[in-house]
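Here's the structure, in structure tokens; my notes come after.
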Amino acid sequence: HATPVGLGWHPYFVKRANCCIAFKATGRWEMDALKLPTHRSASSGITAACAALDVDHCFDGWSGELHLQDDLLNTRITSNMTRVVVFTNAAQECIAIEPVSHVNNAINLMAQGIASAEALGVQVLQSGESMTREMTIHIEPLC
């Protein structure tokens, strides 16, 4: 049977002193009180210090490259996916950087007529088909 599929990774990184995040995107899915996306807004991504950052969103039109830098490490995350979920707030000691193939709750958003499968990143595989995606984490110490 044809089946909608999605893939993603969900790594968390420690927020050390002077941690900053930077990436480019074209959109951000806004969340309701239940933390489910409701609609897409234009967004150029994020370039910000992580300490006070309050974000829990899926960004689409992601360039496939994200930088996380602090006083000790320069971390570069790359992926062939075009969406990334970023989660952190001031109370968190870590930041989640999650390359994903589709928007959170995509199947229900499609059923509600909010967006098409293509706009949400949903891929339907036929019997015998497969899906692969890549992610690389490059870590370099700062001298």
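The values are calculated or read from the model by the stated rules, or taken from the named source; none is laboratory data. Keep in mind that this is a model prediction, so the values were computed, not measured. Using ideal geometry, Cβ is built from the backbone for each residue, glycine included, and neighbour counts are taken over all protein chains shown. Side chains are part of the model used for accessible areas, which takes the heavy atoms of the whole protein and leaves out ligands, DNA and RNA. Shrake-Rupley method; radii C 1.70, N 1.55, O 1.52, S 1.80 Å.
Points to keep in mind about this one:
- Strands (runs of 3 or more DSSP E) wholly inside the stretch 1-118 containing at least 2 residues that are closer than 26 Å to Pro141 by Cα and open to solvent by 30 Å² or more (accessible area, probe 1.4 Å): 12-14, 20-24, 45-49, 65-69, 73-79
- Listed by first and then second residue, the pairs with beta-carbon distance under 9 Å, at least 6 apart or on different chains, first residue in the stretch 40-64 and on the phi > 0 side of the Ramachandran plot, second of a type in the set (D, E, K, R) and surrounded by 16 or more Cβ atoms within 10 Å (Cβ to Cβ), are Gly45/Lys24; Gly45/Arg28; Gly61/Lys24; Gly61/Arg83.
- For the stretch 119-137, taking the residues that are within 22 Å of Thr78 (Cα to Cα) and part of a loop (DSSP other than H, G, I, E, B), the one that is farthest from the chain's Cα centre (by Cα) is identified as Ser130.
- Asp32 fulfils the conditions (1) charged (D, E, K, R); (2) free of Cβ contacts under 8 Å to residues at least 12 places away in the same chain; (3) on the phi > 0 side of the Ramachandran plot except for a single criterion, (3).
- Among residues of the stretch 1-28, those that are closer than 16 Å to Ile46 by Cβ and either of a type in the set (Phe, Trp, Tyr) or at pLDDT below 95 (or both), counted: 2
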